[in-house]
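In what follows, a structure is listed as structure tokens, so that the remarks can point back to it.
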Amino acid sequence: MRKVSAEYPVLRSARLRLRPFALADCAEVNRLVGDEEVASTLVAVKYPYSEDMARRWIAKHQPSYDVGGSLNFAVEERASQVLVGFIGIGGNESRAGMGYWYGRPFWGKGYATEAGRTTVAFGFEELGLERMEASHLKDNLTSGRALQKMGMSHQGRRVHFVPKWDTYCDKEEYAIDREDYLRLRAEKLEIYHYERLIPPA
């Protein structure tokens with residue numbers, strides 16, 4: 001995935017700001033993603049989750065951006081500047097995968113959808129992607145609805161595909177292509193509107 005600038009991009013939507021994580025976020029990341037209900041929905045997260053795990057995760061972000069353009073955004077409320085979650089994308093020049101999580105106090109507010117639409121728009125408008133993909137564990141129906149609201153369509157299910165703690169789980173796969181994004185943007189331009197702040201504010 002190509003870098004759009006030497007500086008890590010910062011994006012702004014109606015209610016949210018997507019910025020790079022800082023080591024000062026470690027304690028809050030630990031609090032949010034270390035919640036068992038949050039961790040249970042995430043393939044790559046172990047439980048219990050520690051602040052040291054958060055620190056090591058955040059420390060990888062800038063090198064990943066420098067080497068391959070991968071983006072790991074801290075999602076915060078613009079009004080309060082409170083960290084609410086994470087969204088990230090990584091891949092090659094034409095295709096990227098998306099992942100995200102949000103703290104339980106911020107579920108049901110539409111933040112996953114809003115940050116997801118921002119990231120989808122950024123991927124197609126500025127990174128030149130042709131396809132974006134995402135997935136969720138079968139029982140995480142809320143995540144499936146959020147992906148659909150971002151414009152993604154269901155591609156299928158992989159049975160017993162994902163190792164999660166002491167079992168293997170089914171994975172639901174979603175994707176959106178550039179052609180579909182352009183059609184949706186033409187119909188509802190406002191829902192994909194965002195600003196890129198340079199340099200990071």
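Here the accessible area is traced with a 1.4 Å probe on the protein chains. For segment 103-155, carbon and sulfur cover 43 percent of it.
Looking at the chain, the accessible area is 51 square angstrom per residue; that uses a 1.4 Å probe and ignores ligands, DNA and RNA. Dimensions of segment 93-201 from C-alpha coordinates, computed as largest minus smallest value along each principal axis and given longest first, are 44, 32, 26 Å.
All C-alpha to C-alpha distances of the chain, sorted into 10 Å bins beginning at zero, yield P(r) values of 9, 36, 40, 14, 1 percent in whole numbers.
Applied to segment 147-156, the Karplus parametrisation 6.51 cos²θ - 1.76 cosθ + 1.60 on θ = phi - 60° returns per-residue 3J(HN,Hα) values of 4, 5, 5, 6, x, 7, 10, 6, 9, x Hz, with x for Gly and Pro.
Considering only Cα-Cα distances, which of the following residue pairs are longer than 24 Å: K60/K171; K149/K171; K109/K149; K3/K188? Pairs exceeding 24 Å: K60/K171; K3/K188.
A44 to A22: FRET efficiency via 1/(1 + (r/R0)^6), r the Cβ-Cβ distance, R0 22 Å, to the nearest 0.05? With a Förster radius of 22 Å, E is 0.60. The sum of -39500 (n - 2.57) across all DSSP H runs of n ≥ 4, divided by the residue count of the chain, sets its helix-only mean residue ellipticity at 222 nm to -9000 deg cm²/dmol. For segment 1-87, just say rounded, prolate or oblate: build the C-alpha gyration tensor, square-root its eigenvalues into a ≥ b ≥ c, call rounded for a/c under 1.5, and beyond that prolate if a/b exceeds b/c, oblate if not. It is oblate, given that a/c is not under 1.5 and a/b is not larger than b/c. Annotation: amide H of K164 within the under-5 Å range of C169, sequence separation 5 or more or interchain, hydrogens built in the peptide plane.
For segment 25-72, the percent of C-alpha pairs falling in each 5 Å distance bin, counted from 0 to the bin holding the largest distance, reads 5, 22, 25, 22, 16, 8, 1.
The values are calculated or read from the model by the stated rules, or taken from the named source; none is laboratory data. Keep in mind that what you see is a predicted model, and the values were worked out from it rather than measured. Because the Cβ atoms are built from the backbone with ideal geometry, glycine has one as well, and the counts that use them run over all protein chains shown. When the accessible area is computed, the model is the full protein with side chains, heavy atoms only, and any ligands, DNA or RNA have been set aside. Shrake-Rupley method; radii C 1.70, N 1.55, O 1.52, S 1.80 Å.
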